[in-house]
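**Q** Here it is: the structure, laid out below.
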Amino acid sequence: MFVCYDKMTEKDDMGEMKITNFDNIDLQGLDEDAELIPLLTPEDEEQMNRESLPETLPVLPLRNTVLFPGVVIPITAGRDKSINLIKDANNGSKTIGVVSQKDESVENPGLEDINTVGTVARILRVLQMPDGNTTVIIQGKKRFKIDAVLTEKPYLTAKVSEAAEVRPDEKGSEFEAIIDSIKELAFKIIKDNPNIPSEATFAIKNIQSNSFLINFVSSNLNLGVKEKQQLLEIANLQERALATLKYMNMELQKLELRNDIQSKVRSDMDQQQREYFLHQQMKTIQEELGGLSYEEEVDEMSENAKKKKWGKKVKEHFEKELSKLQRMNPQVAEYSIQRNYLDLLLDLPWNEYSKDKFDLKRAQKILDRDHYGLEDVKRRIIEYLAVLKLRNDMKSPILCLYGPPGVGKTSLGKSVAEALGREYVRMSLGGLRDEAEIRGHRKTYIGAMPGRIIQSLKKAGTSNPVFILDEIDKLASSHQGDPSSAMLEVLDPEQNSEFHDNFLEMGYDLSKVMFIATANNLSTIQPALRDRMEIINVTGYTIEEKVEIAKRHLLPKQLKEHGLTKKDVKIGKRQLEKIVEGYTRESGVRSLEKQIAKVVRYAAKSIAMEEAYNVTLTNENIEEILGPARLERDKYENNDVAGVVTGLAWTSVGGDILFIESILSKGKGAMNITGNLGKVMKESATIAMEYIKSNAETYGVDPEVFDKYNVHIHVPEGATPKDGPSAGITMLTSLVSLFTQRKVKKSLAMTGEITLRGKVLPVGGIKEKILAAKRARIKEIILCTDNKKDIEEIKDEYLKGLTFHYVTDMSEVIDIAITKQKVKNAKKL
């Protein structure tokens with residue numbers, strides 16, 4: 001029996017001695033290049049043990065392997081010292097000492113770098129490889145121990161002594177059991193490891209020497225140099241056999257685990273085929289249980305399509321897409337996309353409309369019941385219903401309710417839907433920046449969905465709901481597109497009869513949908529989009545309206561939400577008015593509702609804790625619950641000094657009053673403006689100053705004053721940004737009052753833009769400003785003559801107690817606003 005080694009050995013990373021595994025084991029059919037080495041017999045082993053050990057040996061360090069007695073291995077020599085050693089030994093006794101290195105990275109190992117126990121080896125064959133390296137085949141004989149290193153050049157030589165082995169009684173039952181276990185495990189490892197040829201079992205069976213079997217198996221275990229060196233250093237052969245058996249068990253377990261993992265991976269590769277058979281079985285089971293099979297689902301879609309009210313074009317498109325689904329394999333990913341697309345076509349309410357209710361008196365009652373005030377909005381809705389009742393085919397207009405927060409713009413949509421008898425849909429547009437949210441994604445993309453317009457109509461179940469587009473002024477643009485541009489097609493009555501959704505891939509009629517948009521700021525809406533909507537200004541509420549809203553809606557709502565009844569807490573009209581004036585400063589009623597909720601919670605806590613409290617709240621109770629009144633800054637302040645004027649301003653939360661103050665100080669005619677003012681407001685101050693300089697004699701101002709004094713204009717509440725042309729006449733009046741040292745009339749406010757010629761121009765936000773003036777107890781207001789039409793649109797009850805002065809020139813403003821008498825102790829200019 002012979003062991004065949006592959007002669008083409010390889011170099012390791014360090015250029016030194018890498019052993020090659022067995023290539024084949026057989027008696028016949030060997031390659032011509034194969035080297036035949038006879039297996040060790042017991043007689044050969046006895047002869048090697050009888051051979052005497054030389055006192056000195058040349059020592060060959062191995063980087064990555066350990067040589068065991070009796071085992072034949074090929075090695076490749078790469079270091080100069082190793083090549084010289086092999087040449088000298090091959091020409092001499094052919095006997096060398098082989099030891100393993102502790103660290104394979106050491107290039108020139110000394111005594112401290114090598115293990116002291118090694119194996120005496122005999123050189124069997126030296127081969128010159130085609131790549132120029134020297135390959136040598138060696139066979140281990142017996143173990144030895146290095147006593148001392150004699151020389152290190154030209155290679156290591158050492159004084160050695162024999163490391164005798166302790167051999168057990170080979171006929172003992174324990175040792176025989178160990179040998180049998182080693183053979184049995186070796187057969188299992190060969191069987192489970194595909195890298196070891198099955199013929200290797202013949203080599204194991206034909207090994208006659210037990211000690212050679214142990215060394216042969218130890219040499220070929222998949223272990224590191226350190227573990228193999230530990231096996232070599234075990235002197236007792238039975239203990240070495242037990243240690244070898246332990247490592248063989250570990251290797252067998254690793255092989256079994258690896259084979260199990262490979263089996264699972266192989267199963268996953270066949271997963272698609274397995275799923276196909278499972279789906280076929282599932283289909284059969286569903287048919288047996290009476291469920292819907294694939295063909296039955298297609299038939300069900302076809303039946304549902306017959307009930308739809310779609311036109312010829314949509315019908316043909318559906319049938320085409322359905323036939324495409326029938327040709328698809330249910331296992332492919334595109335099948336689910338196509339199925340979802342067909343489900344959408346079936347779920348959309350094609351030409352399905354709810355019947356409108358044209359009882360205009362009932363509609364008026366619903367609107368009046370849910371919303372106090374808002375007369376313009378309610379009148380416009382009633383007009384729409386009246387025209388729709390007469391024509392019955394009117395395209396729905398696009399209404400845009402524009403106004404400050406909390407005035408009831410969004411909630412108005414629910415009342416409109418109830419009045420019309422239509423479904424109610426709300427879509428919030430705040431912060432929306434992806435065009436696909438409006439138009440949808442193309443269905444070829446993974447995770448594609450229709451746009452929110454189409455999805456909302458699907459949920460509504462009709463093609464003519466009341467559709468609230470909330471916060472349309474807060475649409476944003478990004479790299480994903482411009483949603484406001486996508487809304488142009490949605491909100492254009494001339495185009496939305498064929499609204500194209502990317503997922504739907506065909507037009508959908510939106511002309512019967514009643515769109516109602518809400519916005520807080522028109523300036524941020526795209527001009528083309530604003531042009532498509534009918535703007536309805538929803539202004540703020542007066543104190544009287546807020547009190548009435550609180551009494552009718554807010555208080556009952558909060559009582560219900562907190563589990564109380566009208567008997568548990570009562571808030572009178574005066575107390576509600578105190579809450580409105582002292583604790584809320586807004587055009588809407590959202591903050592008012594929060595304050596009322598706080599009062600109701602106080603009553604709920606008292607009831608729950610069984611504490612005594614006043615059911616009918618007084619002003620003192622309101623202050624005890626809500627704290628001292630915080631919002632007194634919009635109250636009118638008496639103008640006791642020259643240069644202080646009350647102006648009217650528009651803000652995003654409604655109207656407000658502001659005070660403009662001017663003061664003189666000795667200097668060279670410089671003008672300073674403070675109060676967190678914008679560019680336009682600063683320009684108004686400059687225009688007012690230049691106008692006074694050019695008309696100083698008209699207003700009785702000494703021209704020398706402008707060169708001797710500095711002017712400082714300040715608008716209080718510097719933390720609040722302020723801008724706009726409305727404070728033009730207010731600043732001019734303040735400067736004239738300052739230079740003439742005559743104070744402004746009491747309880748007077750004004751708003752208007754000025755020019756360098758002294759003309760007064762109209763401004764916007766009149767209703768909000770009038771409401772702010774009324775809250776501040778202002779009695780007289782100066783406006784541009786062109787703003788008279790805005791006053792005429794306001795209800796008379798809002799104007800009660802106010803006197804309006806309409807002017808066209810600044811001289812008229814000065815005549816009305818500034819008293820004839822100078823301020824007492826006036827500064828001499």
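**Q** Checking the structure you have, find out if any residue of segment 214-234 is basic (Lys, Arg), under 28 Å from ASP103 (Cβ atoms) and not assigned by TED's automatic domain parsing to the domain that holds GLU104.
**A** Yes, that holds for at least one residue.
**Q** Here's another thing I want to ask about it. Among the numbered criteria (1) free of Cβ contacts under 8 Å to residues at least 40 places away in the same chain; (2) under 19 Å from LEU67 (Cα atoms), which one does SER198 miss?
**A** Of (1) free of Cβ contacts under 8 Å to residues at least 40 places away in the same chain; (2) under 19 Å from LEU67 (Cα atoms), only one is false for SER198: (2).
**Q** What tally of residues in segment 124-174 results from selecting those that are under 14 Å from GLY70 (Cα atoms) and surrounded by fewer than 18 Cβ atoms within 10 Å (Cβ to Cβ)?
**A** The qualifying residues number 2.
**Q** Criterion first (farther than 30 Å from ILE146 by Cα, at pLDDT 85 or above and of a type in the set (Asp, Glu)) does GLU287 satisfy it?
**A** Taking the combined requirement at face value, the residue does not satisfy it.
**Q** Within segment 249-277, track down each residue that is at pLDDT below 70 and of a type in the set (Phe, Trp, Tyr).
**A** TYR276
**Q** Is there a residue being surrounded by 16 or more Cβ atoms within 10 Å (Cβ to Cβ), within 24 Å of the chain's Cα centre (by Cα) and farther than 29 Å from GLY655 by Cβ anywhere in segment 506-527?
**A** no
**Q** Considering only strands (runs of 3 or more DSSP E) fully contained in segment 69-129, which possess at least 1 residues that are in the same structural domain as VAL225 (by TED's automatic domain parsing) and at pLDDT 90 or above?
**A** So the answer is none; nothing clears 1.
**Q** Among what's in segment 394-417 and is in contact with a Ser or Thr (Cβ under 7 Å, 6 or more places away or on another chain) and of a type in the set (Lys, Arg), pick the residue that is modelled with the highest pLDDT.
**A** Restricting to residues being in contact with a Ser or Thr (Cβ under 7 Å, 6 or more places away or on another chain) and of a type in the set (Lys, Arg), the top hit is LYS409.
**Q** In segment 579-610, how many residues are under 16 Å from TYR541 (Cα atoms), at pLDDT 85 or above and not β-branched (Val, Ile, Thr)?
**A** Count: 4.
**Q** Something else: Being surrounded by fewer than 15 Cβ atoms within 10 Å (Cβ to Cβ), in the same structural domain as ASP509 (by TED's automatic domain parsing) and either touching a Cys at 6+ places or on another chain (Cβ under 6 Å) or polar (S, T, N, Q) (or both) narrows it down to one of ASN392, ASN329, so name that one.
**A** Selected residue: ASN392, the only one of ASN392, ASN329 that is surrounded by fewer than 15 Cβ atoms within 10 Å (Cβ to Cβ), in the same structural domain as ASP509 (by TED's automatic domain parsing) and either touching a Cys at 6+ places or on another chain (Cβ under 6 Å) or polar (S, T, N, Q) (or both).
**Q** Same structure, new question: What are the residues in segment 311-361 that are charged (D, E, K, R) and closer than 19 Å to PRO465 by Cα, if any?
**A** Of everything in segment 311-361, those that are charged (D, E, K, R) and closer than 19 Å to PRO465 by Cα turn out to be ASP347, GLU352, LYS355, ASP356, LYS357, ASP359.
**Q** Being out of contact with any Asp or Glu (no Cβ under 7 Å at 6 or more places or on another chain) and surrounded by 21 or more Cβ atoms within 10 Å (Cβ to Cβ) is the filter here, so list the residues in segment 543-557 that pass it.
**A** Scanning segment 543-557 gives LYS546, ILE549, ALA550, LEU555.
**Q** Given the options VAL106, VAL117, VAL99, name the one that is over 23 Å from ASN206 (Cβ atoms) and surrounded by 22 or more Cβ atoms within 10 Å (Cβ to Cβ).
**A** Among VAL106, VAL117, VAL99, only VAL99 is over 23 Å from ASN206 (Cβ atoms) and surrounded by 22 or more Cβ atoms within 10 Å (Cβ to Cβ).
**Q** Please go through segment 717-729 and give me each residue that is surrounded by 14 or more Cβ atoms within 10 Å (Cβ to Cβ) and over 13 Å from THR686 (Cα atoms), ordered by number.
**A** Passing the criteria: LYS722, ASP723, GLY724, SER726.
**Q** I want to confirm something. Restricting to segment 711-733 and keeping residues that are modelled with pLDDT under 90 and polar (S, T, N, Q), which single residue is nearest to VAL645 (Cα to Cα)?
**A** Out of the qualifying residues, it is SER726.
**Q** Does GLY647 count as buried (at least 17 other Cβ atoms within 10 Å of the Cβ) and in contact with a strand residue (DSSP E or B) (Cβ under 7 Å, 6 or more places away or on another chain)?
**A** Yes.
**Q** Given segment 287-382, what helices (runs of 4 or more DSSP H) lie entirely inside it while holding 2 or more residues that are farther than 30 Å from ILE536 by Cβ?
**A** Here the list reads 294-306, 312-326, 333-347.
**Q** Looking at segment 398-414, can you tell me whether even one residue there is at positive phi and touching a His at 6+ places or on another chain (Cβ under 9 Å)?
**A** For segment 398-414, residues at positive phi and touching a His at 6+ places or on another chain (Cβ under 9 Å): present.
**Q** Restricting to segment 418-453, name every residue that is part of a helix (DSSP H, G or I), among the hydrophobic types (A, V, I, L, M, F, W, C) and crowded, with 22+ Cβ neighbours inside 10 Å.
**A** ALA419, LEU420, ILE438, ILE453
**Q** So, of the residues in segment 459-490 that are modelled with pLDDT of 85 or more and part of a loop (DSSP other than H, G, I, E, B), which turns out to be nearest to TYR341 (Cα to Cα)?
**A** Taking the candidates together, the pick is GLY461.
**Q** Residue pairs, Cβ under 6 Å, 6 or more apart or interchain, first in segment 410-424 and of a type outside the set (Gly, Ala, Ser), second assigned to a helix (DSSP H, G or I). List them.
**A** Pairs that qualify, where the first residue is of a type outside the set (Gly, Ala, Ser) and the partner is assigned to a helix (DSSP H, G or I), are VAL416/ILE381; GLU418/ILE366; GLU423/ALA460; TYR424/LYS414; TYR424/ALA417.
**Q** Which pairs turn up if I take residues in segment 59-73 that are closer than 15 Å to ASP103 by Cα and look for partners that are in a loop (DSSP other than H, G, I, E, B) and among the hydrophobic types (A, V, I, L, M, F, W, C) with beta carbon separation below 6 Å, at least 6 apart in sequence or on another chain?
**A** LEU62/MET17; ARG63/MET14; ARG63/MET17; THR65/ILE19
**Q** Quick check on my filter: what residues within segment 672-698 are surrounded by fewer than 17 Cβ atoms within 10 Å (Cβ to Cβ) and not in a loop (DSSP other than H, G, I, E, B)?
**A** ASN672, THR674, LYS679, VAL680, LYS682, GLU683, THR686, GLU690, LYS693, SER694
The values are calculated or read from the model by the stated rules, or taken from the named source; none is laboratory data. For clarity, every value in this text was computed on a predicted model and none was experimentally measured. Every residue, glycine among them, receives a Cβ derived from its backbone with ideal geometry; neighbour counts consider all protein chains shown.
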